[in-house]
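Report on the following structure.
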Amino acid sequence: MGEMKESVDYVISMMEELSKHQPETLRHFKAFMGSTLKEGVLDAKTKELVAVGTAITARCKYCIAIHVEKALKAGATKEEIYEVAVVAILMGGGPAMTYIVEVQKAIEEFSSTGGKQ
């Protein structure tokens, strides 16, 4: 298993454990996530690209892994993800730029498992 897939699995496992202790809160959080990321005025790919950019500026390796994988599955290309990354660097500066390493790892790993290049 690759590092980024492992990161996604860690988050899923944590959410399952947290659901045991805070079921109502996690149920509401999952409903909010589902409602927010479903197709609306913006399509799923666009929303996932926004999430990738936000994950970069938030400097969250786990979020980057999750949303790069989802963006690829939604049809995003490597070029679109890197363009979003540059916008995130504009907003987050040098510290955000260092997290492009995580974006690159996620693209490489998840592209080999069915994402679009």
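General remarks:
- Over region 61-109: Kirkwood hydrodynamic radius from C-alpha pairwise inverse distances, Å: 10.7 Å
- The residues packed around G2, meaning those with a beta-carbon under 9 Å from its beta-carbon, carry a net charge of -2 if Lys and Arg are +1 and Asp and Glu are -1.
- Distance distribution P(r), the chain, all Cα-Cα pairs, bin width 5 angstrom from 0: 2, 13, 21, 22, 20, 14, 7, 2, 0 percent.
- Considering all different alpha carbon pairs of region 1-46, the Kirkwood hydrodynamic radius works out to 12.2 Å.
We did not get these values from a lab; they are worked out from the coordinates using the rules stated. Since the structure is predicted, the reported quantities are computational estimates derived from the model, not experimental observations. Positions of Cβ are generated from backbone atoms using ideal geometry, with glycine treated the same way; all protein chains shown enter the neighbour counts.
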